[in-house]
Every structure is written in structure tokens, then in C-alpha cells.
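*Asks:* If you scroll down you'll find the structure; I have some questions about it.
The values are calculated or read from the model by the stated rules, or taken from the named source; none is laboratory data. Fair warning: this is a prediction, and the values are worked out from it, not measured in the lab. Virtual Cβ from ideal backbone geometry, glycine too; neighbours counted across all protein chains shown. Calculation scope for accessible area: heavy atoms of the full protein, side chains included, ligands and nucleic acids excluded. Shrake-Rupley method; radii C 1.70, N 1.55, O 1.52, S 1.80 Å.
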Amino acid sequence: MSQALLELWQVRREFPSGNGRITVLRDICLSIHAGEFLAVMGPSGSGKSTLMNVLGCLDRPTAGSYRINGIDTALLGADALAQLRRNTFGFIFQRYNLMADLSAVENAAIPAVYAGMPQVRRTSRAVELLKQLGLGDRLHHRPSQLSGGQQQRVSIARALMNGAPTILADEPTGALDSHSGEEVLRTLHELHRAGHTIVLITHDEQIAQHAGRIIRLHDGRIVANRVRTAGSVAAGVVVPDNVPPNSAHPPAPVVFAEALSMALRSLVHNRLRTALTMLGIVIGVASVVAMLAVGNGAKKEVLERIQAMGTDLLDIKRGLAAVRGSSRGVVTLTPEDLPLLSTLPGVVAAVPESDGIAVIRYGNKDLQVPAVGTSETFPEVRNWPLQSGTFFTSADVTGYRLVAALGLSVAQELFPEDESPLGKYVMIGTAPFQVVGVMSSKGVSSRGYDLDYQVWIPYTTASSLLFGRRYFEDVSVKVTNASLMKPVEQSIHAVLVRSHGEEDFNIRNMADLIDTANQTQNTFTNLLGAVAVISLIVGGIGVMNITLVSVTERTREIGIRMAVGARSFDVLVQFLTEAVVVCAIGGIIGVVLGVAGGLATSQAMGWLTVISATPCVLAFGCAFLTGLVFGFLPARKAARLDPVEALARD
Ligand code: ADP
Ligand code: MG
């Protein structure tokens, strides 16, 4: 005798039950040859469906062997079994097991997805099959819009989608009226005539009489095995021969496109749920993008201000970094230090500053303003040009002259609009000073005070007339070249320590200041990053939760997909895609809202915002990654489902 197509040898199937195990199939020895029409009969609970699941590679025997074309299925991995389900077997279930959201054509076409057949071709094949089965006018109906008989014919089309040399039908007529049942049976006969091997489970003696052989199960054992000749039926169904490819690894793009379309379908189907889940991701991404835009704006503003002061400046301040003052009561940073500093190599000029508050009066107006005692090189060193007039000269400084340059705000407050302050006399303290110039505007300092609300007078005059002290708060040293900052800083340090006898000063360098500002900003950025990570984790947990719900709700669908040949990996991809799509869409919306929010903030608050691509791309990338990470667990749960159990789920 020729080799059997399907060969069970001493197959046993046990299930755990309570503390023990129940044996559902015992010592089943059965050979099915290609082209046979076999009916399996037996009372309910006798193990028919269990036998069918073993035959269809949805389930494995506990003991014994099952060979297909001589190959022991025990040696095959999960993917190889999926390939067999995909291309060798076609399942027809009593309860049709169609997917409620899909049309007849889409339902019938599913097995071809997992065989890697492109969409256009699988649709045309599904249409052809449905027409053959008399459903040409029901192609785009949903299962709920079809009668039982029609649904069962859709499921037959699905079974035939990948060619299915062997059709396994588990009580296909059990839920049908007698007329529809007869049609289904006729179709099975036609398929038998067309060369398919048919295994049909039925309760009905009448139906069984159509088969070429009947086996009877009782309590998990084969109790009868009778061959008879079937009545002849004219062949009607011709299965189109454009079958999908039979490969172990169908092309990924086809499966992925299906996953994407299923994901979108499911997300649209559960709109509110999707929107709420997405909200977490949207809020996280949007807040990061907006806050970074504002933060970067603030950083840019601070850096611009520091740069406006000059990056080639060294700032010498009185006193130590700590509270320790000059221990010997020596007055430090005095006019005597200036020539020492300005003659150092690499130094352009050294500009002292002594600060105090003075009352300035013109006509009947008086103001309290910060007064700065300084030298003639102030505008050059501090990069602060005059708006009108000139700054005072070195002769003014050495001559203790009563001259002043006014900040723009001071000039505007003291003098009417049509009166030029130049050459006028203002009272500063108790002495009349001649206004020689008005400074250009510098706006508001990083600490928030108006830089234009100051007056400048020679430090000589300031110390003798206004402040009554000889020392300076600080001295700014302009260096010829920014690359000389370090060596000049060292030589200043050496010269001052030598002349003062101790280190009673601090040298700050603008480059350090910029570093500090940058560091502050980086701390801020890291903080934002932490906020982003936390909100994405929260959002991700939402995504994980909803994907788990989705897996639970669609367990049966997963079972169907596995039964028609989806590999675990395909199921994993499907649910992972769903999670990633939620996060990616959330990410895009978040970026758009974040940019809009950043712009709105800058509009409303008058802040500078810097919107750049990097944070947007990064935030989106993180959202995408969140989908992958948090979708993985539920997707893996789906991929690990047992097809038989999944199919049994309601
Ligand atoms: P039939 O299809 O002939 O009605 P089944 O093959 O579905 O019978 O089931 C046979 C017996 O095996 C039943 O008693 C059923 O309760 C039991 N059974 C089937 N599947 C499982 C399972 N996964 N776990 C425990 N018992 C099972
Ligand atoms: Mg059954």
C-alpha cells in the first residue's frame, strides 16, 4: 500500500484536570490516504475535536506519533507547524469562526496574508472563491449580515484560500438548517472530487453515509473503521490554481502591511479608548517639546547677554570666594592696581568699577540711581557704545573732573524729549556734573534690573566726592585674544598676589560664566528629560494596559489567525504594531501641540523660544520606543497563546 498522507500511531492525548489528568484520546492508530473522504463519528465528548486538532497540527499528542507524508510532526518547530496549517490544512469550524469586523472577502483572504500573497492578488483570489461558492453578491457583507450557511461558505472559502490539499471540517453543518447543511456537504463532495482529502466530523449518520470511510470514536478510542463507496456527485467547485506561495518565511512586508491595517482598524473601532490611551503619550511629548523650546530660548537669551558683555573679559572681584575678607584690613583693588594690570602682556585695558547709589537732579526732577565710578576705557572694554556725545577722557579721570555719562533711561527720565542732555549740568550728590554723553541701550540684565538706569563718572571723582572710599568692587580686564584668557588670568593672579601679599580677590572669566550658564541649562534639560521619561513611562503603562485588554478581547481572533497559519511572530508583530501605532500617532500629535504650545508661550509671555528639530525628533523617537517596549509584553502574551485554547475562548 502507498504511504499514508496522515498517519497516527498509538496517539494519546491527556489534559490536566484538577489534580490528575484525563485521557481524551487513547491508542489512536489511523492512516488517512490522499484523496480520501473520511467521516469521524461519535457521541459528544468522545474526543472528535481533540483528534481533529491533532490532525490539523493545532495540538500535539501527549504520546505516540503523528506523521504527515512520512515526516514526524514531533520533529517540527512551531513555525513549521504554522506552515503546515497555512498551506496543507484548511479548517472549517462548526461556529464558522469568522472575524466580525471583516467583510466576507477580507475573512476569506486572511490565510493568504500569512503566506505572503500581496493584497491585490489575495483579494482577487478570495473574490473568485466566494463566487465559486455562490457568494458573488455578498462579497462585502460582514458575518453579522450573512446567514449561517453563507458564513459557513465564507469559512470554506477561507479554508481553500491557500489551496488546502486536506480539509478538516469539525461539524460544519452542526449549526445549520438542513438546506444550508446540504449545500455545505455538496461543496465538500465537490472538493473531494476535485482531489482534496476531506476529514469530516459529524453526529449525523445520514451525512456520514456520504463518506468513503467512517470511523467511530467512543471514549477516546476508535471502535469502528468501515470503508464504503461514496455516491458520485458532479464536480462543481473548481478551486482556482493561483495558490499563494508555500514558504516557511513569507515576505515580511505583506504581514506587516496587514498588521498595520489591522492596527488602524482596531484603533478606529475603539476610538475613545485609543484617544484616552494616546493622551498620556501626547501630554508627555508635548510638554517636553514645549518646555525645551522655552528652555532653549532662555538659554539663548542668557548666553547672548553674557556674550554682549564680551567673552574676552576677565572680571576681578574684591574679597575671597568665601566670606573671609582682607584679614589685615588692607584695602584691595585700588587705583594702584590699575597700572599693574593694564601693562601686563595680552591685556588691552583694565577698567575699574566702584558702585554706589546717588541722587541725580536736573531742574525740578530727581532720581536715585546706581552710580558707577570707572575709567575712560569702559565703553570699549564693556563693548557698550554711546548713543550720543562722548565718554569722559583720561584727562577727566586724572583731573578729578565733574563729568558724567548718563544711561539712556536716566536721560529720558530727567530730560524732556526735545532737550538734549549733552553739555547740561546735573546735580549728582551735592556737586554739579556736566553731561558729556548718553549711553546706548543695553536693556534688562540677566538679574532683571535695567542696565540703562545708571550713571557713569570718573572713578577719581566718585571716590573723593560720592563714595569716600578708594577701592573698587571689581576691575574688568579686556584681553587681546580670547585664547589668552588662561595665561592672562594666571599672570594677573601672580601680580596681584605679589602686590597685595595675599589672595584677597577673585578672578572670574566670561568663558567660565558661559560654561556655568550652559551647565545650568543642561541641568534643566536633564530635569526635563526626567519629566519626559516619567510621563512616557506613565503613558507607556497606559499603552501596555490597553494592549493587554485588546489581546484578551481578541483571543479568539488570535486563535483563528493561528489556525489559518499565522506564526507566533506574526501575532507578536500585529499587537506590537498596534501599540507602536498608538504611540507614534500620539508622538506626532504631541510634537505638533508642543511646537504650538512653545509658540503660544512666546507670544503670550514675550519669551524667546527656540524650536529646533532635534528635541521634536527625539521626543517622537522616545514615544515610538515606548510603544515597542510597553507593547512587547502584551504582544508576547498574545504570541504565546495556545491556538486550541484561544479558539475555545468566547
Ligand atoms: P467532541 O468534539 O467529541 O465532543 P472533544 O474532543 O471536544 O469532544 O472533547 C473530549 C473530552 O475532552 C471532553 O470531555 C472535554 O471535556 C475534554 N477536553 C477537551 N479539551 C480539553 C482541555 N483543553 N482540557 C481539559 N479537557 C479537555
Ligand atoms: Mg467537538
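*Asks:* Per-residue HN-Hα couplings for segment 461-469, Karplus 6.51 cos²θ - 1.76 cosθ + 1.60 at θ = phi - 60°, whole Hz, x for Gly and Pro?
*Replies:* Result, ordered by residue: 4, 4, 6, 7, 9, 9, 9, x, 9 Hz.
*Asks:* Of the GluC sites (Glu not before Pro) in segment 358-433, which ones lie in a loop per DSSP and count no more than 13 other C-beta atoms within 10 Å?
*Replies:* Here the GluC sites (Glu not before Pro) that fit, given the DSSP loop and packing criteria, are Glu417, Glu419.
*Asks:* With a 1.4 Å probe and every protein chain left in place, work out the accessible area per residue of segment 504-632 in Å², rounded to a whole number.
*Replies:* Accessible area per residue, segment 504-632: 44 Å².
*Asks:* Continuing with this model, one more query. Can you list the residues, at least 5 places off or on another chain, whose amide H is less than 5 Å from the amide H of Arg567, using H built in the peptide plane?
*Replies:* none
*Asks:* When ligands, DNA and RNA are left out and all protein chains stay put, how many square angstrom of accessible area per residue does segment 331-503 have with a 1.4 Å probe?
*Replies:* Numbers: 7830 Å² over 173 residues.
Per-residue value: 45 Å².
*Asks:* Follow-up question, since we're still on this one. If you average the C-alpha positions of segment 444-523 and of segment 254-320 separately, how far apart do those two centres end up, in angstrom?
*Replies:* Cα centres, segment 444-523 to segment 254-320: 37 Å.
*Asks:* Output wanted: per-residue J couplings in Hz (rounded whole) for segment 170-176, from phi through Karplus 6.51 cos²θ - 1.76 cosθ + 1.60, θ = phi - 60°, x for Gly and Pro.
*Replies:* 9, 6, x, 9, x, 9, 10
*Asks:* Which whole-number percentage describes the relative contact order of the chain, with Cα contacts under 8 Å and a sequence gap of 6 or more?
*Replies:* Numbers: 1292 pairs, mean separation 110.8, N = 650.
For the chain, the relative contact order is 17 percent.
*Asks:* Would you grab the residues whose amide H sits under 5 Å from the one on Ala358? Only those 5+ places off in sequence or on another chain, please, with H modelled 1.01 Å from N.
*Replies:* Val369, Ala371
*Asks:* Further question: How far apart, in nanometres, would the label points at Leu272 and Phe569 be if each is projected 7 angstrom from Cα along the Cα-to-Cβ direction?
*Replies:* For the pair Leu272/Phe569, the computed spacing is 4.0 nm.
*Asks:* Same structure, new question: Using alpha-carbon positions, what is the distance between the centroids of segment 613-650 and segment 72-148, in Å?
*Replies:* Using only Cα atoms, the two centres lie 25 Å from each other.
*Asks:* Sticking with this one: Highest mean first, how do 562-568, 423-429 rank when packing is the count of other Cβ atoms within 10 Å averaged over residues?
*Replies:* Averaged packing, sorted descending, gives the order 562-568, 423-429.
*Asks:* Mind ordering 339-346, 154-161 by average Cβ neighbours within 10 Å, highest first?
*Replies:* Details: 339-346: 14.8, 154-161: 28.5.
Ranked from most to least packed, the peptides come out as 154-161, 339-346.
*Asks:* When only C-alpha pairs under 8 Å and at least 6 residues apart count, what is the relative contact order of segment 339-460, in percent? Kindly include the intermediate steps, with their values, before the conclusion.
*Replies:* Working: 259 pairs, mean separation 38.0, N = 122.
With pairs under 8 Å counted, the relative contact order is 31 percent.
*Asks:* OK, next. In segment 6-247, what % of DSSP beta bridges are antiparallel (nearest 5)?
*Replies:* 55
*Asks:* Cβ under 15 Å from Gly373's Cβ, Gly373 left aside: what net charge do those residues give with Lys, Arg +1 and Asp, Glu -1?
*Replies:* Details: positive: Arg318, Arg382, Arg401, Arg469, Arg470; negative: Asp337, Glu353, Asp355, Glu376, Asp396, Glu473, Asp474.
Residues close to Gly373 contribute a combined charge of -2.
*Asks:* Considering only protein heavy atoms and a probe of 1.4 Å, how much of the accessible area of the chain is carbon and sulfur, as a whole percent? Kindly include the intermediate steps, with their values, before the conclusion.
*Replies:* Working: 16810 of 29100 Å².
Carbon and sulfur atoms account for 58 percent of the accessible area of the chain.
*Asks:* I'd like the per residue volume of the convex hull spanned by the Cα atoms of the chain, given in cubic angstrom.
*Replies:* 245
*Asks:* Please compute the per residue accessible area over segment 6-247 with all protein chains in place, 1.4 Å probe, rounded to a whole number of Å². Before the final figure, lay out the partial values.
*Replies:* Working: 9890 Å² over 242 residues.
Using a 1.4 Å probe on heavy atoms only, each residue of segment 6-247 averages 41 Å².
*Asks:* Pull out a ≥ b ≥ c, the square roots of the eigenvalues of the alpha-carbon gyration tensor of segment 1-98, then state rounded if a/c is under 1.5, prolate if not and a/b is larger than b/c, and oblate in the remaining case.
*Replies:* Rounded shape, in that the Cα axes give a/c under 1.5.
*Asks:* Only Cα pairs under 8 Å and at least 6 apart count here; give the relative contact order of segment 1-143 as a rounded whole percent. It would help to have the intermediate numbers written out before the result.
*Replies:* Values: 178 pairs, mean separation 29.5, N = 143.
It comes to 21 percent, rounded to a whole number.
*Asks:* Give me the accessible area of Lys317, 1.4 Å probe, in Å² rounded to the nearest 10.
*Replies:* 70
*Asks:* Quick one: net charge of Gly149's neighbours, Cβ under 13 Å, K/R +1, D/E -1? Display every interim value, and only then the final one.
*Replies:* Working: positive: Arg138, Arg153, Arg186; negative: Asp177, Glu182, Glu183.
After counting each charged neighbour, the total is 0.
*Asks:* About its Cα centre, how strong a charge dipole does the chain have in debye, to the nearest 20, once Lys and Arg get +1 and Asp and Glu get -1 at the Cβ? Let's see the in-between values first.
*Replies:* On the way: 56 positive and 55 negative charges, 497 e Å.
About 2380 debye.
*Asks:* What value, in deg cm²/dmol to 500, does the helix sum -39500 (n - 2.57) over DSSP H runs of n ≥ 4 give at 222 nm once divided by the residues of the chain?
*Replies:* Estimated from H runs of four or more residues: -15000 deg cm²/dmol.
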